[in-house]
Structure formats: structure tokens, C-alpha cells
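Step one of this worksheet: look at the structure below.
The values are calculated or read from the model by the stated rules, or taken from the named source; none is laboratory data. From a predicted model like this one, the values you see are computed outputs, not experimental measurements. Don't worry about glycine lacking a Cβ; one is built from the backbone with ideal geometry, like all the others, and counts go over all protein chains shown. Calculation scope for accessible area: heavy atoms of the full protein, side chains included, ligands and nucleic acids excluded. Shrake-Rupley method; radii C 1.70, N 1.55, O 1.52, S 1.80 Å.
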Amino acid sequence: MLSIIIVVVNLLIETSVSFTVVVPGDPIAAHVGSTVIVPCWISPPENAEALEIRWYRHDQFSNPVLLYNHGKLQDVQEEPYRNRTSLALRSDQSGGLKDGDVSLQLEKLRVQDEGSFHCYVTGESSYGSEEVVLKITALGSAPVLFPKPLDDGRVNISCRSSGWHPEPSVSWTSDDGRSLRPGGSSHSRGADELFSVHSWTAVSLSDAQLVSCSVSLRTGELKEGRLNIQGIVSSGPWKALFLTFLICALLGSVVFILYKYREKLTGKKPAKEMSFTVVVPGDPIVAHVGSTVILPCWISPPENAEALEIRWYRHDQFSNPVLLYNHGKLQDVQEEPYRNRTSLALRSDQSGGLKDGDVSLRLEKLRVQDDGSFRCYVSGESAYDSREVVLKITALGSAPVLFPKPLDDGRVNISCRSRGWYPEPSVSWTSDDGRAFRPGGSSHSRGADEMFSVHSWTAVSLSDAQLVSCSVSLRTGELKEGRLHIQGIVSSDPSDSSGTWKALFFSVLICALLGLVGLILYKYRDKLTGKKPAKEICEEETLERLIKEVAGDVNIEELRKHAVEITIDREHSHPDLKVSKDCKTVRDSEDYQHTGEGFPFQLCAFGAQRFTSGRHYWEVELAHSPNPPKNFWIIGVVKHGHFTARDRSALTPSNGFWFLCSDGPHGFYTNTEPSIRFSLTPRPERLGVLFDYDDGLLSFYNVKESTHLLTISSRFSESVVPLFNPGAGDPSPLRILDCPKPAELAVESSDDP
């Protein structure tokens with residue numbers, strides 16, 4: 001019995017939150033395709049391994065981004081975040097869960113990840129929740145400039161760029177920094193939620209020789225395209241040049257036609273020869289996971305490729321290409337993993353595109369699976385050729401996290417972990433003077449995303465080094481390094497460490513035991529002395545009542561001693577509710593048209609009785625045979641006069657509302673701040689409500705099961721009335737039952753002034 005009392009006392013002591021959830025005050029900014037750590041920790045620091053850690057978005061509490069409970073990650077997760085989330089360290093100095101660090105790692109960021117994430121942590125008697133805002137940015141492609149001479153001597157310059165988020169701005173400037181007025185701009189948004197921008201302007205040599213088009217984000221990140229127009233227009237006899245060019249073009253066309261059909265004109269058939277050659281770079285193209293890459297390919301000698309067939313494909317997938325251009329346009333015949341990720345592009349800012357024989361491939365949102373060869377195939381009426389381009393995909397993983405652990409021999413075992421690498425990285429250990437350490441061992445693993453994780457460890461002493469470095473690197477030379485100073489971890493004399501730690505352990509243990517004894521003596525001083533302070537009489541009554549509920553089933557008959565008769569106040573009920581003649585039954589009316597968008601919080605009915613003190617109990621029937629129990633309802637109390645229809649965001653205790661809500665498939669939740677969500681099996685058929693005005697308690701009971709469901713603790717002021725909401729669409733109504741009345745009632749009639 002004493003152990004039960006101690007448990008309940010501790011529950012009462014810890015009704016206030018014993019820890020606080022802490023997050024950064026500013027939004028977290030990250031790029032599309034990258035990996036981000038969303039920091040969250042509890043203060044003061046404590047071991048969070050036994051707590052529930054829930055990250056969720058918007059109102060998706062029961063469908064979380066990540067759920068950690070019972071000492072491990074649970075397989076309950078919002079589908080778009082599957083295989084993309086994990087718990088991580090917010091810094092290299094963090095001790096992880098043991099230090100109260102509950103930060104979220106989110107990989108392969110998408111535009112849809114932008115917005116708020118809730119970090120919710122709860123224990124047996126404490127909980128806390130905070131919101132972190134994630135801002136997603138995407139730095140698009142370098143602007144491509146398309147010049148076109150105009151008849152008036154100016155040049156119309158078109159500027160295009162894609163792959164931006166949020167919507168970028170475009171500016172035009174001259175070589176001396178003056179702003180040029182754009183002729184117009186347009187923005188479009190693709191299926192991937194990224195923005196493309198198109199802007200244009202007309203300039204002459206008197207305006208500028210060097211024209212710049214800059215596409216930028218509000219963060220200051222930008223990409224710029226520049227064009228010198230001096231060679232495009234001349235202030236001299238451009239008409240004569242045009243006519244000369246036209247005559248030469250016509251003569252060239254005649255010569256070409258005669259050459260093309262020479263076998264028909266002469267009756268001779270020349271030996272077949274290749275009229276162009278496909279050219280690609282000799283070296284592999286290297287690009288990072290998540291980025292955009294251009295795979296260069298062009299025909300030589302240069303000629304207009306708009307009428308040719310251009311086919312990019314992989315391995316033996318000729319008939320299932322990465323991209324197919326034919327009959328003057330892109331065809332909808334494509335290997336599925338490359339849909340909405342490919343297009344034809346310019347291999348350089350100086351390229352003339354298809355008209356100049358440039359058939360380069362643009363590949364966006366690179367994945368590990370894109371590593372390997374791509375074949376560029378170009379075919380005309382009498383010629384074809386193909387070449388292979390090799391794409392090397394790399395992924396620079398996370399900064400190594402070092403975990404030190406002192407050993408009995410005075411050394412420190414250091415574990416080094418990092419993930420998100422491609423291809424398989426190598427690990428090296430070095431001292432502060434550059435000497436290499438031999439690792440105790442290393443292991444590599446590969447995840448579902450084809451990325452590599454690496455784990456290596458070594459043991460060092462102060463005689464080996466004070467500063468230890470773990471470097472994880474790729475063959476390209478890219479690396480990330482973690483460094484650790486071990487002087488503060490291990491004593492220079494290993495023979496001293498064991499005695500020091502033992503003495504410290506026993507000192508802490510003795511202090512903890514003395515503190516516990518003092519707490520017990522102080523808490524139960526009234527029982528030990530036989531005295532009972534007057535101010536604790538109310539607390540003791542509450543304690544005894546809670547002990548009865550913890551020790552066994554609830555005695556419903558005891559609760560009914562506080563029963564009051566409740567009726568519905570017709571005057572202040574919502575007009576879309578149907579109230580019975582005896583003012584005991586309420587449901588949604590036949591004419592009410594529910595939009596189907598969430599719970600209808602405005603359909604509220606209010607009790608005609610007002611409470612300003614005492615305990616009051618009533619029961620509500622939620623099942624009407626042969627129908628099943630109601631799925632949608634709200635039952636609780638509200639300050640008298642708060643009858644205005646509101647949405648859920650306004651229905652809070654600070655605004656005078658306290659209730660339990662059954663929201664169908666979304667489960668049960670309170671309107672407390674933060675809300676508490678849970679499931680109930682079986683669903684209550686009859687709900688008992690005990691309202692204790694003086695102690696500030698609102699309790700709910702399953703009458704048929706004789707069980708206590710939940711108690712909301714708060715402070716009540718002014719007059720409070722019962723609150724009912726029958727929801728919409730249920731076959732059963734909500735009915736207030738008659739219970740035996742108590743001998744005395746502390747109730748104000750609604751007719752009282």
C-alpha cells in the first residue's frame with residue numbers, strides 16, 4: 001500500500017512538466033536533394049531512451065514522420081517519409097538519446113517537405129511539444145541566353161532557367177551595372193513543384209555591349225548568364241550583310257540539292273559514307289546525388305539536328321529509352337525511372353542548341369542508380385552514329401560522429417560512424433601530428449537507397465595522441481573529418497582511473513539515498529507527527545480518490561452520489577442541431593450539409609445548468625440499439641457565454657473550453673495544449689463525466705466497463721456549463737441520461753440573473 005501511495009504522490013508532484021522540449025528559434029534552411037538535421041532536445045538533459053519521441057506534421061499525430069517508443073523505432077510512419085528519416089545527433093558534441101537529444105534526420109529533401117514539423121516527447125508523467133520550421137530551397141540551372149537580332153538594330157535576348165524553389169526573381173544589368181528594363185517575365189511550376197522562369201529584353205549597342213541575366217532567391221543565392229552582343233549586331237550596313245548571306249544560302253541550298261540527288265541526275269550510286277560523327281567527352285562526367293547534370297553530346301561537323309532522331313538509352317534498353325526526340329519533338333516513350341527528369345539541353349552557354357548539332361542530355365535529381373553508361377544515338381535519313389558517355393555518381397555523406405569510451409587500461413576506444421556515401425568510402429585515423437593509427441576494425445553496410453554507411457574504431461592513449469582525427473573520404477579526394485580531444489576523457493595515469501570513478505560513484509549513490517530519505521520524511525511529515533495542516537485537507541481527499549482509482553475498478557455508484565440533472569439550453573444551441581422536446585437528446589438535423597472536411601466543431605449544444613463550485617456528475621448515452629456506438633462527438637464543459645461558433649484552433653482551455661473528442665478514424669483526443677491523442681477499445685457506449693470545480697478536475701469514465709478514461713486538470717473561474725457536440729452523420733443521437741440526484745446541489749439555474 002505504501003508503494004502505491006508513493007507512486008501516486010510522485011504523479012501529483014510531477015503534474016507539471018519535468019522537462020521542456022527545446023528547438024531552434026529560427027527556421028532551418030536546406031536544399032532540395034540534401035540531408036538535414038532538424039534539432040530538438042529536452043532540458044534539463046536526461047536519458048530519453050525510455051521516452052516516446054514522435055515527429056509529425058500538421059494534424060497527422062497518429063500518422064507520424066517518425067515514432068520512437070519502447071526503446072526502438074516503430075513501423076508506424078507517414079508513407080512519403082518511409083526510409084528517409086532517423087534519429088540523429090544535432091552536433092558532434094551531442095550525447096544522443098542518452099543526453100536528451102531527439103533530433104530528426106531527414107534525407108533526400110523534397111519541396112513538399114517545406115513547412116512545420118512537431119517534435120513531441122512524452123514520458124509516464126511528463127510531456128512537451130515544440131514546432132520547427134523547415135525552409136526548402138533549390139538553386140536552379142545556370143540561365144541560358146538566346147539572342148535574336150531585330151530589324152531595328154537591337155537584339156532580343158531570352159533568358160531561361162529551371163529547377164528553382166521558392167519562386168525566383170530575374171534582373172537584367174549592363175556591363176557598367178545599370179539595370180535594364182525587361183520586356184516581360186513568366187514563371188511556371190512543374191510536377192516536381194520546382195519553378196522555371198523565362199524573361200526577355202531588347203538591347204542595342206548604345207545600351208550595353210555585355211548583358212547579364214541574373215536569377216536569384218531571397219537568400220541571396222543566384223546564378224548568372226552573360227552575353228556580349230557586339231558580334232551579333234552592327235551599327236553599319238547590316239542589310240547588305242543580310243542580303244549577301246541570303247544569296248550565299250540560296251546558292252548553297254542549290255548545291256546541296258544537286259549533291260543530294262546526284263545519283264538520280266547522273267544515274268550513278270556513290271559509295272555509302274557517314275555524313276556526321278557523334279562526339280562525346282573522353283572522360284567520365286562526375287556529379288553528386290540530388291544534383292542536375294548535363295551529359296554532353298554533339299555531331300560533327302555541326303549541322304541542324306532538329307529533323308534527326310535523337311535517342312539516349314542505357315545498356316540494351318534501345319526500345320525503352322531515357323529520352324527520345326523524333327519528328328521535331330520529344331516523344332512519350334521513356335524508361336519509367338527517368339520520367340519528368342530528362343530533357344535536351346545546351347552543353348555550354350556558347351552552344352546553339354539543336355540548330356548547331358548539340359544533342360546533350362539534361363538529367364535532374366540524380367540517384368545512385370544513374371551511375372554508369374548512357375548511349376547517345378543520332379540517326380538521319382542516310383547516316384547514324386552513337387557514342388557512350390560514362391556518368392560517375394558520388395554522394396558526400398554526413399560528418400563523422402565520434403563516440404569515445406574509456407577503457408580499464410587507460411586508453412580510450414573511439415568509434416567513428418558516418419552514412420550517406422557513394423561509392424564505398426575509405427576511413428583513416430590520424431594523430432594531431434599527422435601520424436596514421438591502425439584501426440581496430442571497420443565495417444561497411446549498404447541501405448535501401450544504395451548509400452553506404454561506415455563504422456570504424458580504434459583505441460588510443462595520451463601517449464599516442466591528444467587529438468585524434470577520423471576521416472571518411474572518396475576516391476575523388478572529397479572527405480569529411482571528425483576530430484576528438486581525449487585529454488579530458490582519460491587520466492594520464494591509468495592506475496588512478498578505477499579508484500577515482502569508484503569513489504565518485506559511491507559518493508553520488510550515498511547523496512541520492514540521503515536525498516530520497518529526506519524527500520519521503522518531508523512528504524509524509526503529517527502522518528509521522530499525527531498533524532494535518534488545514535490547507536492539505538483538500539489535497540488528501542483528492543489523493544484518496546486517486547488511490548481508489550489506481551487500486552481497482554471505479555465505483556460508478558459512488559460517482560452517482562454527485563449526479564445532477566442536465567438539460568440542453570435550446571436558445572444558445574447551434575441552429576443546425578435538432579433538440580428533443582425534453583431537451584435531453586441532440587443530433588445533427590436532416591438539413592445540415594456537412595462539407596466532409598474535418599470535425600464539425602461548430603455544432604455545439606450547451607447545458608442549461610451553470611456551476612460555480614462543488615462536484616457534479618452526469619452520464620451521456622452514445623449507443624442507440626441496434627446501431628453501434630457513435631463515432632463522432634465532443635463532451636466537456638465551457639465557460640458560460642462562450643457560445644460563438646469557432647474552429648478547433650480557438651477551442652482551447654485558455655479560451656474557456658475543456659473537452660474530450662471522438663473523431664472517428666482519427667481516434668480520441670483532448671483540446672489541451674498540447675493535445676493528448678489515444679485509442680479506446682471498446683468504444684464507449686455510455687460516458688460518465690465528473691466535474692470537480694474546486695479541485696480543477698474534469699474526469700471521464702466508461703460506465704459500462706466501470707473504468708476511468710482520462711482526467712483533465714485546470715483552473716476554473718466564473719460560471720461553467722456542460723458542452724455537447726453530436727458530430728455529423730452518425731445514425732445514433734447523443735442523449736443525456738437521468739441519474740439519481742444528490743441530496744444537495746451547488747447549481748445555478750440558467751434563469752437566475
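Looking at the stretch 108-160, none of the GluC sites (Glu not before Pro) sits in a DSSP loop with at most 10 other Cβ atoms within 10 Å of its own Cβ. Couplings for the stretch 130-141, taken from phi via the Karplus curve 6.51 cos²θ - 1.76 cosθ + 1.60 with θ = phi - 60°, read 9, 10, 10, 9, 10, 9, 9, 10, 9, 8, x, 6 Hz in order; Gly and Pro are left as x.
Checked against a 18 Å cut-off, the cross-linked pairs LYS108/LYS135; LYS405/LYS480; LYS584/LYS639; LYS98/LYS480 give Cα-Cα distances beyond that limit for LYS405/LYS480; LYS584/LYS639; LYS98/LYS480. Straight-line cross-link reach from LYS329 at under 14 Å between alpha-carbon atoms covers these aspartates and glutamates, not counting any fewer than eight positions away in the same chain: GLU306, GLU309.
Please compute the Cα-Cα pair-distance distribution of the stretch 290-368 with 5 Å bins starting at 0, giving whole percents from short to long. Values per bin, smallest distances first: 3, 16, 26, 26, 18, 9, 2. Approximating the spin labels as points 7 Å out from Cα along Cα→Cβ, the ALA191-to-GLU705 distance works out to 4.7 nm.
With the convex hull constructed from alpha-carbon coordinates only, the stretch 401-463 shows a mean projected area of 4.8 nm² over all directions.
Dividing the mean sequence gap of close Cα pairs (under 8 Å, 6+ apart) by how many residues the stretch 73-145 holds gives a relative contact order of 21 percent. For the stretch 188-232, the direction-averaged projected area of the alpha-carbon convex hull comes to 4.4 nm². First compute the accessible area of the stretch 68-154 with a 1.4 Å probe, then give the percent of it belonging to carbon and sulfur atoms. Here carbon and sulfur together make up 46 percent of the probe-accessible area.
Applying 1/(1 + (r/R0)^6) with R0 = 30 Å to the Cβ-Cβ distance of SER714 and HIS594, what FRET efficiency is obtained, to the nearest 0.05?
Details: r = 30 Å, r/R0 = 1.01.
Efficiency computed from Cβ-Cβ geometry: 0.50.
Fully extending the segment from LYS405 to SER253, taken as 0.36 nm per residue of separation minus the present Cα-Cα distance, adds 46.7 nm.
Per-residue Karplus couplings for the stretch 73-86, computed as 6.51 cos²θ - 1.76 cosθ + 1.60 with θ equal to phi - 60°, are listed in order as 6, 9, 8, 10, 7, 5, 3, x, 9, 5, 6, 10, 10, 6 Hz, Gly and Pro entered as x. On full extension, the segment bounded by SER204 and VAL111 gains 29.5 nm, given 0.36 nm per residue less the C-alpha separation.
Each residue was assigned an accessible area with a 1.4 Å probe, and for TRP457 the value is about 90 Å². A cut-off of 5 Å between modelled amide H atoms, ignoring neighbours fewer than 5 places along the same chain, links THR652 with PHE657.
Along the Cα→Cβ direction, 7 angstrom out, place labels at ARG483 and ASN655. What is the inter-label distance in nm? Going from the ARG483 label point to the ASN655 one covers 5.4 nm. When the surface is traced with a 1.4 Å probe over the full set of protein chains, ASP464 keeps roughly 60 Å² accessible. Applying 1/(1 + (r/R0)^6) with r as the Cβ-Cβ distance of LEU73 and SER445 and R0 = 22 angstrom yields a FRET efficiency of 0.85.
Placing dummy labels 7 Å off each Cα toward the beta-carbon, the span from SER461 to SER386 is 6.4 nm. A Förster distance of 45 Å, applied to the separation of the beta-carbon atoms of ASP432 and ASP349, puts the FRET efficiency at 0.45. Taking all protein chains as they are arranged and a probe of 1.4 Å, the heavy atoms of ARG683 leave approximately 60 Å² accessible to solvent. Between GLU124 and GLN369, the contour length at 0.36 nm per residue exceeds the alpha carbon distance by 83.7 nm. Across the stretch 611-617, coupling constants 3J(HN,Hα) worked out from phi with the 6.51/-1.76/1.60 Karplus curve, θ = phi - 60°, read 10, 10, 5, x, 10, 9, 10 Hz, and Gly and Pro carry x.
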